[in-house]
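The values are calculated or read from the model by the stated rules, or taken from the named source; none is laboratory data. Everything numeric in this text was worked out from a predicted model, so none of it was measured. Cβ coordinates were reconstructed from backbone atoms using ideal geometry, including for glycine residues, and neighbour counts include every protein chain displayed. We work out accessible area using only protein heavy atoms, side chains counted, and drop any ligands, DNA or RNA first. Shrake-Rupley method; radii C 1.70, N 1.55, O 1.52, S 1.80 Å.
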Amino acid sequence: MKAALFYGGIDIRVEELPTPEPGPGEVLIRVRSAGICGSDLHTYRGANPWRMSADTSSRGRQDGHELAGEVTAIGPGVSGLSVGQRVGIEPEHLIGCGECVYCRRGDTHICQQRGQRHGERHGSHGFSQYDVCLAHNVHPLPDNVSTDAAAILDCYACGVHAIHRVPILPYMNVVILGTGAVGMTLGQVVRARGARRVIMVGTRNEPLILARRAGAADEGVANSGTDPVEAVLERTGGEGADVVFETVGGNAPTLAQAIGMARPGGVICILGIFTTDPELDTRVAYRKEVTITWCNSYSSWNGISEYAIALELLTSGRVASEPLITHHYPLDQIGEAFIAAADKKTSKAVKVLVHPNVG
């Protein structure tokens, strides 16, 4: 099979690898669609936010945790799935040990051994023609959910976890900092949850227009032409936002902006992965008594899979992925796909998909 191997930074090569075979409790998936996540772009740009060893120069690594496809083979002991079935895949870097207190209560995403299997680091390989997946991470798709849509369920599940971490009530003014796929999908989820108003803040007007058209925001603020803090305060009668979701991370000044635009007693929820220590004005945060909370991926909530909740939102039509999926590339052009995803100002991309079995 063909697979993209990542050798560090922008060095991505499509090579031939043996097609894997499913073992007990596993299925083999023919990958139809795989999304480029914002976290993929951190290492592509040379950042290492987790401070982990990134030495892939000699052997490369497989990657791609936003994926969907169809079942092509089933390992021993698997039931409830069939060959040819279209499925979405809950990413396997989120698996837990299954034994610690966090896993036992359903919080596998904060397991201290997260992403380990048989003593080795483990993850999904969406940028490959085939991937072996744990059967309990495989979710059958209804007829009205395409594999393209299912490939970004990971983004929607992050949004579901965010509104579990910070419940949204009908009177709330909510700000979302960032116009990437996580910000857009979160905006749809927050509006589906019934927020009074969603204000999205970004650097350019084009994605803000798309956000309103896609039902991800009620209003948009382009910070290239105005002070985003002042703009949010003006739109909220000087009070500020009840909740601010930060989805940018990197080296952006968004945490300071979030503190400035949150109302006294408000909540800031951070989904973005910062690659440098963000600026934090503790005096303003203290005076306002804001709550700053973190939102790390997702797992389950009250015993229910947040990925499954995201799939239900998509199935019911309460969120819509189609306007957000803007670019498509075959696997042989994955380098071009990453260029488009990394330079959205030029490409106008929101979500870029790679199709390993096309072309």
Computed ³J(HN,Hα) along region 268-279: with the Karplus parameters 6.51/-1.76/1.60, θ = phi - 60°, integer Hz and x for glycine or proline, the list is 10, 10, 9, 9, x, 9, 7, 9, 9, 5, x, 6
Highest GNM mean-square fluctuation, the chain, Cα pairs closer than 10 Å: which of His139, His65, His122? His122
Where does the charge balance sit around Glu120 when Lys and Arg score +1, Asp and Glu -1, over other residues with C-beta under 14 Å from its C-beta? +4
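Pairs of Cα atoms under 8 Å, at least six residues apart: use those to get the relative contact order of region 10-133, whole percent.
Details: 213 pairs, mean separation 41.7, N = 124.
So the answer I get is 34 percent.
Using Cα pairs under 8 angstrom and six or more residues apart, how large is the relative contact order of the chain, in percent? Numbers along the way, then the final one.
Details: 852 pairs, mean separation 64.9, N = 359.
RCO, the chain: 18 percent.
If you put +1 on each Lys and Arg Cβ and -1 on each Asp and Glu Cβ, how big is the dipole of the chain around its Cα centre, in Debye rounded to 20?
Values: 32 positive and 38 negative charges, 119 e Å.
Charge dipole, the chain, about its Cα centre: 580 debye, nearest 20.
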Hey, in the GNM for the chain with a 10 angstrom Cα cutoff, which one of Cys269, Cys97, Cys295 fluctuates hardest? Cys97
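Round to the nearest 0.05 the FRET efficiency obtained for Thr293 and His118 when R0 = 45 Å and r is the Cβ-Cβ distance. Don't skip to the answer; put the middle values down first.
On the way: r = 34 Å, r/R0 = 0.74.
For R0 = 45 Å, the calculated efficiency reads 0.85.
Within the accessible area of the chain, what % is carbon and sulfur when the probe is 1.4 Å and the other protein chains stay in place? Walk me through the intermediate numbers first.
Numbers: 7760 of 15820 Å².
For the chain, the apolar C and S fraction of the accessible surface comes to 49 percent.
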Amide H to amide H under 5 Å from Val14: which residues, 5+ apart in sequence or cross-chain, H placed 1.01 Å off N in plane? Leu5
For the ranges 140-151, 183-194, 32-43, what's the packing order if you count other beta-carbon atoms within 10 Å of each residue, average per peptide, and put the highest first? 183-194, 32-43, 140-151
Pick from Arg197, Arg213, Arg86 the residue whose mean-square fluctuation is largest in a GNM of the chain, springs joining Cα atoms under 10 Å. Arg213
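Once you list every other residue whose beta carbon is under 11 Å from the beta carbon of Gly35, what net charge do they have if Lys and Arg are +1 and Asp and Glu are -1?
Values: positive: Lys351; negative: Asp40, Glu66, Asp148, Asp154.
Charge balance near Gly35 sits at -3.
Please work out how much length the chain gains when fully extended from Asp143 to Tyr286, using 0.36 nm per residue of separation minus the C-alpha to C-alpha distance, in nm with one decimal. It would help to have the intermediate numbers written out before the result.
Working: separation 143, 0.36 × 143 = 51.48 nm, distance 5.03 nm.
Answer, rounded to one decimal: 46.4 nm.
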Please name whichever of Ile110, Tyr286, Thr315 sits farthest to the positive end of the charge dipole of the chain, dipole taken about the Cα centre and charges placed at Cβ: Lys and Arg +1, Asp and Glu -1. Tyr286
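State, as an integer percentage, the relative contact order of region 137-226 based on alpha-carbon contacts under 8 Å between residues 6 or more apart. Intermediate results must be reported in sequence, preceding the final value.
Numbers: 139 pairs, mean separation 21.4, N = 90.
This gives 24 percent for region 137-226.
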If R0 = 56 Å, then Glu16 and Ala256, at their Cβ-Cβ distance, give a FRET efficiency to the nearest 0.05 of 0.70
Calculated from DSSP H runs of 4 or more alone, at -39500 (n - 2.57) each and per residue, what is the 222 nm mean residue ellipticity of the chain, nearest 500? -7500 deg cm²/dmol
Using θ = phi - 60° and Karplus 6.51 cos²θ - 1.76 cosθ + 1.60, couplings along region 22-31 (whole Hz; Gly, Pro as x): x, x, x, x, 10, 10, 9, 10, 7, 6
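Given a 1.4 Å probe, how much area per residue of the chain is accessible, in Å²?
Details: 15820 Å² over 359 residues.
It amounts to 44 Å² per residue over the chain.
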Label points 7 Å out from Cα along the Cβ direction at Thr226 and Arg213: separation in nm? 2.1
Quick query: amide H of His327 versus all other amide H atoms, modeled in the peptide plane; which residues come in under 5 Å with a sequence gap of 5 or more or a different chain? Val350, Lys351, Leu353
Taking the Cβ of Arg13 as the centre, find all other residues whose Cβ is under 15 Å away and add up their charges (Lys, Arg: +1; Asp, Glu: -1). -3
